[in-house]
Amino acid sequence: MNFWTTAFILLHVIVNVTAFYFLLKEGSKPYRIWAWMMTILAIPAVGGILFFIFGLNRKKNKLFNRKSVIDEQQIASFLKEYTTEIQPFKISDTQIEERYGKLVNYLTNANKIPVAYKNKVALLYDGKATFNAIFEACKKAEQSIFIQYYIFENGMLADDFMELFTAKRKQGVTIKFIYDGLGSWSLTSSYLKKLKKIDVDVACFLPVRLAALAKTNYRNHRKIVVVDGKIGFTGGINVADKYITGDDNLGPWADIQVQVEGMAVNFLKFIFYNDWYFLSGENLFDENALKRLPIAGNTPVQFVSSGPDSNHATILNEYLYLINNARKYLYIANPYLVPPQALLEALKSSAMSGVDVRIVVPKKSDSMMVKWVVQSHFETLLASGVKIYRYEPGFLHSKIILSDDLVCSVGTANLDIRSFEQNFEVNALIYDAEVTLELKKKFLQYQNNSSQVKLISFSKRSKITRMKENLARLLSPLT
């Protein structure tokens, strides 16, 4: 055995032991530990490098310490003011209070974001409607525009935003812009220079750098626009022309955004404030941060945020509560159905108890691995009575869940571990029958434009297809 062979074996052993140490230290789930150890053992040296880039969980490391501290301190102080001076902490609808009161309390305690009442909510069903509404609101801005996107791509939409920003800066409107370093990878430096030239405040969430590749595993997947602290937008729609014109391979992009006016906008703004502080060090909280906004409607809204800086899996628990408390129906549309075991069991149990559980996923996928891993869950869900539909006209990117004509959620979070543990996400949880019924109509449109997956025919798929599914599922815990 020569020197280089001995050195390679020694390096392999050191990497294995070190990786195993970090996996145990962070308290990973057993399936994740074994998935990574199999990868490290199967691909000597390279597997270890992959772990330290993509698998090392810095959730409790120093990366987000400053962010979590400011989140806790600032939101807690405003929560106290909000609940004692502005609105009584109680849902007016008795049926919703009885069914979802505990969820409201949990999310308030875990997120420090309470439910806000008397809001006006508008559901925006595609990119054209969404950006028409956003530009209309922004053109009327008098004080500030806060904008945050996972994907912000060069193109017609980006050019329209540049024109808008230029005009509003001339009027003295403050503009703060956050983009994700990985999701907006293609955003050109020339565009960013133009933004800075017109005095738009710009912050990049964890820029992708060779020296910090491990940080690329944590992304800011939120899409937030807040205008003058009075109108807020969130949902699944990014700034990319495909949301307007469609994609050459996937077809039209089906997605949903929500527009909110009223007291709830304060808390969407606070989520942006926290992210801005983490990135820039500038604290936007002051004595005027909590605005006493006029009554805009009758809809209670509670924003739900989550991320690797949080000690609580708030969005996962939001979904679990909605699933476990459904009595008549539970409808879900989501492009990435890769549920952790607890969520998978909840869906199966709900269907087996007699709840009408329906899930719409896209027939076409923007990732072959995602396609196979999503499909790997079909058989067990179908066997439990869950109805699954594949959306055909284009790519379904909506992230919605609704139940019993009482409550619905519209946001950025997918049904996968990445959204529950590694990404910064935000959902709008809407406790309102009228809005839920409207969203139900859209869900049924999705369903009517889908092909239903039948257990008998699906179970006859080829062995090669099953192998692809199993391989994709085996690799999914690594992400």
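Here the contact order of region 314-478, divided by its residue count and restricted to Cα pairs under 8 Å and six or more residues apart, works out to 27 percent.
Selection among GLY172, MET156, ASN132 by position relative to the dipole of region 107-204 gives GLY172 as farthest towards the positive end (Cβ unit charges, Cα centre). For region 332-417, the gyration tensor built on C-alpha atoms gives an oblate shape. Its axis ratio a/c (a ≥ b ≥ c) is at least 1.5, and a/b is not larger than b/c. Residue pairs exceeding 21 angstrom between C-alpha atoms, taken from LYS102/LYS442; LYS242/LYS399; LYS128/LYS223; LYS120/LYS291; LYS399/LYS441: LYS102/LYS442. By the count of neighbouring beta-carbon atoms within 10 Å, fewest first, VAL17, VAL374 end up ordered VAL17, VAL374.
Can you tell me how region 284-327 classifies by the Cα gyration tensor, rounded, prolate or oblate, using a/c under 1.5 as the rounded cut? It is oblate, given that a/c is not under 1.5 and a/b is not larger than b/c. Packing order of peptides 291-298, 269-276, 424-431, highest average first: 424-431, 269-276, 291-298 (average count of other Cβ atoms within 10 Å over each peptide's residues). Each peptide in 230-241, 124-135, 328-339, 460-471 receives the mean, over its residues, of other Cβ atoms within 10 Å, and ordering these scores from highest gives 230-241, 328-339, 124-135, 460-471. Is the C-alpha gyration tensor of region 196-340 telling us rounded, prolate or oblate? Criteria: a/c under 1.5 is rounded; beyond that, a/b larger than b/c is prolate, otherwise oblate. The shape class here is rounded.
Fewest-first ordering of TRP372, TRP185 by other beta carbons within 10 Å of each residue's beta carbon gives TRP185, TRP372.
Every number in this text was worked out from the coordinates using simple rules, so none of it is lab data. For clarity, every value in this text was computed on a predicted model and none was experimentally measured. When we count neighbours, we look across all protein chains shown, and the Cβ atoms used for this are built from the backbone with ideal geometry, even at glycine.
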